[in-house]
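Okay, so here's the structure we're looking at.
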Amino acid sequence: MPRRLTLLASLILTQAAAMAQTCNGNWPAIDYPVTRTVDQQDNYHGATVADPYRWLEDANSAETAAWVQQQNRLTQGYLAQIPGRDAIKARLTKLWNYERFSVPFKEGGRYFYSRNDGLQNQAVLYTMKSLADTPRLLLDPNTLAADGTVALAGLAISPTGKYLAYSTAASGSDWNEIRVRDIDTGKDIPDQIKWVKFSNTAWLHDGSGFFYSRYDEPTEAGKLAAVNYFQKLYFHKLGTPQSADALVYDRPDNKDWGFSAEVTEDGRYLVITSSQGTENKNRVFYKDLQQQDGKVVSLLEQFDAAYNFVGNDGPVFYFHTERNAPRGRIVAIDVRQPAVASWRQVVPESGSTLVSASLVNNELLVDYLSDAHSLVKVFDLQGKPLHDVALPGLGTASGFSGKRADTETFYSYTSFTTPATIYRYDLKTNKSSVYRQPKVDFDPSAYETRQEFFTSRDGTRVPMFIVAKKGIKYDGSNPTYLYGYGGFNISLTPTFSVANLAWLEMGGVYVMANLRGGGEYGEAWHEAGTKLKKQNVFDDFIGAAEWLVAHKVTSPAKLAIGGGSNGGLLVGAAMTQRPDLFAAAIPQVGVLDMLRFHKFTIGWAWTSDYGSSDNADEFKALLKYSPLHNVKKGACYPATMITTADHDDRVVPAHSFKFAATVQAAQAGHPGAAPVLIRIDSKAGHGAGKPTAKQIEEVADRWAFLTRALHMGSSNTGNTSNISNTSNLSK
């Protein structure tokens, strides 16, 4: 028998044994809260689909609130009984307690950066006039809420260096408020902007005001769930009320268009980028700010590719685009002669994926991905390659912002075992020097990272990173956490995580798979995991798991899967399609109801990746993999902990509520069935801006759950009290 068939045959037998063990395990019975069902039937293109837990979509009802309370009581009671949970939290707290910095940037003659001293719930913003200057605290978000649940969501410094416009988000919501602070005095001026969402802030060069995008004010009942349409671009003049803000651009004929604004470095043009949902395409308009009452002019309105503004030489605009270049290239467009035939190619497409570009020192700094890790090159404005930026290793570099005349820039470099280190890069000498280097309580030399490639179901070659302690034995006994995302052109690259470090210290293996649907290999890689081809993403993830088992990195009895948002969908689809392959699943803030996701907040924007149940062909594909609709009564699902939050207005918690109720109903009463829990955080959202204290609690619960589910340190699979208190966690 060929080796590959032998491996597959062995894998099938292993999976069958694991499935039998799970179905006939001696997990203690769980008395789940009773979840009422309703006779809700929906008709999709002639097909009738039941939705018995529709009432859980009403997050404002007393019945839903009572259900949440009961589920949390069950989950917290279960987690509290796991030996080692307190030790995990203590070790996480010690690891998290290290000084970390953002990448500095310069504006208006000052440097700005954020710093967290270790366990602060939110990072603090500082400013200084030179690198040798003593930093001065400019904004401490920790003072905005006693529990740290108000986060700094964005900031913009006026080119004059006089004002800071900053946006805040409360309790994890996507809704932002913009305030303005006088940088010299450190005091806020009265200006206040509300109902901002998915917006940046762009100042006029004289500092008299700024551009921003907002939606109409929602009702109180609908602000966390009502659909968001008709975004508008406004200009706010300092010293005036928001009601007086001037409407700059909107499209009442296109309710799903969104807008962001940027003022060119020379102050002359307003560049407006218009997106349509999350599709990796956009339109570009501009306005000549030197012309009084100048009109908004359409520059790129074909919506045929992504166009990212890099900079300009007067009327010549530089764009990073994927038009006729799936891996990305840089072109120059003269707005006086905008026809495609007149475009000048500056940096051609290459074998690596172009991620971003900036214009500093009259040179182009171009950040690429090569097999999912960073590669940075420098070109002149004619596209001539000058040199590479030497990076420390297999990791992720980001930053490289600046002005045309700057001769320095800053960037961050990180890997799975390297905390984000800040470098100053001298463009005159092509030399990098460490500017800020964090110190974490661990020895990075004790761990190793390797990149492997596996073959997915249709023959596609897919990469993944495997991180583990050096010298670990690959005998199928290693508890392994497989993480993925696979969507929206988002690339997963090597990044340091205290949470994952704790897992490695516990003897776990961490694996990150670079699935189709992401952007690791350009737009073609992204499109191969969208709409009618979305199953490719799940096949890739399952293929990664099969490779790990076949190569004895782990076994189904020791394999857990996790992912958040679109990654939560990934986990939900994988566990319902192949429940035999995994011992545990943690879908976090997941998109789990694929027939109704577009009916809440910004969910409609995801149809570019998922398709829509309003389309007959796409409905069939969605129904085939929708986690909520593929839970089977009598099937044996892995130990599952679903996570969500009450203020998640990105992926509304109804997804997780309905999925939890459905899997619990399928699993309940089955002898020896694994637990199905849901963890519902309060005063938290989709994840951005979550306070440090809440992050530590959530990760401690995740790893504690997996010590139980993967039987780490225990030979008795049914008695929680027999799990050993892993000694190295208390160090």
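Computed quantities for the displayed model
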read-out: Cα gyration tensor shape for the stretch 58-156, rounded if a/c is under 1.5, else prolate or oblate; value: oblate
read-out: Per-selection Rg to Rh, the stretch 269-423 - Cα, Kirkwood hydrodynamic radius; value: 0.99
read-out: Paired Rg and Dmax values of the chain, which use every Cα atom, in angstrom; value: 25.8, 79
read-out: Sites residue 253 and residue 219, calculated FRET efficiency, Cβ-Cβ separation with R0 22 Å, nearest 0.05; value: 0.35
read-out: Cα radius of gyration and Dmax for the stretch 412-514 (Å); value: 16.3, 52
read-out: Rounded if a/c under 1.5, otherwise prolate or oblate - the stretch 384-434, Cα gyration tensor axes; value: prolate
read-out: Solvent-free Debye scattering, log10 I(q)/I(0), computed from the Cα coordinates of the stretch 476-630 at q = 0.08, 0.14 Å⁻¹; value: -0.22, -0.66
read-out: Highest to lowest packing among 213-226, 51-64, scored as the average C-beta count within 10 Å; value: 51-64, 213-226
read-out: Measure of compaction for the stretch 114-267 (Cα Rg per 2.2 N^0.38 Å); value: 1.10
read-out: At 1.002 mPa s and 20 °C, Stokes D of the stretch 522-569 from Kirkwood alpha-carbon radius, µm² per second; value: 177 µm²/s
read-out: Surface accessible to a 1.4 Å probe, per residue, for the residues of the stretch 207-292, Å²; value: 45 Å²
read-out: Reachable lysines from residue 683, criterion Cα separation under 16 angstrom, eight or more residues apart if same chain; value: 223, 694
read-out: Segments 236-248, 359-371 sorted - mean Cβ within 10 Å per residue, highest first; value: 359-371, 236-248
read-out: Solvent-accessible area of residue 34 with every protein chain in place, 1.4 Å probe, in Å² to the nearest 10; value: 130 Å²
read-out: Peptides 572-585, 283-296 ordered by average Cβ neighbours within 10 Å, highest first; value: 572-585, 283-296
read-out: DSSP H segments from the chain that extend 20 Å or more along their own axis, Cα-based, with Kyte-Doolittle mean of 0.5 or above; value: 3-23, 535-550
read-out: Overall Cα dimensions of the stretch 530-604, principal axis frame, Å, largest first; value: 43, 23, 15
read-out: Surface accessible to a 1.4 Å probe, per residue, for the residues of the stretch 536-662, Å²; value: 21 Å²
read-out: Listed residue pairs exceeding 27 Å between alpha carbons, taken from 187/690; 534/632; 384/439; 237/403; 281/377; 232/620; value: 384/439; 232/620
read-out: Student exercise, the chain dipole from Lys, Arg, Asp, Glu Cβ charges, in Debye to nearest 20; value: 1460 debye
read-out: Histogram of C-alpha separations across the stretch 221-357, 5 Å bin width, %; value: 2, 9, 17, 20, 19, 14, 9, 6, 3, 1, 0
read-out: Relative contact order (%) - the stretch 220-378, alpha-carbon pairs under 8 angstrom, separation at least six; value: 10 percent
read-out: Between the stretch 488-515 and the stretch 59-136, the Cα center-to-center distance that results, in Å; value: 18 Å
read-out: Cα gyration tensor, the stretch 270-350 - rounded (a/c under 1.5), prolate or oblate; value: oblate
read-out: Relative contact order for the stretch 374-454, counting Cα pairs under 8 Å that sit 6 or more residues apart, in percent; value: 18 percent
read-out: Centre separation in Å (Cα based) which lies between the stretch 638-708 and the stretch 222-249; value: 35 Å
read-out: Inter-part distance where the stretch 404-452 and the stretch 258-278 are each reduced to a Cα centre, Å; value: 31 Å
read-out: The chain, relative contact order [Cα under 8 Å, separation at least 6], %; value: 15 percent
read-out: Using distinct alpha-carbon pairs, which all enter the 1/r mean, Kirkwood radius of the stretch 147-224 in Å; value: 13.2 Å
read-out: Solvent exposure ordering (accessible area, 1.4 Å, most first) of 450, 516; value: 450, 516
read-out: Accessible carbon and sulfur surface of the chain relative to its total accessible area, %, 1.4 Å; value: 49 percent
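The values are calculated or read from the model by the stated rules, or taken from the named source; none is laboratory data. This one's a predicted model, so the numbers in the text were calculated from it and none came from an experiment. Every residue, glycine among them, receives a Cβ derived from its backbone with ideal geometry; neighbour counts consider all protein chains shown. Quick note on the areas: whole protein, heavy atoms, side chains included, nothing else; ligands and nucleic acids left out. Shrake-Rupley method; radii C 1.70, N 1.55, O 1.52, S 1.80 Å.
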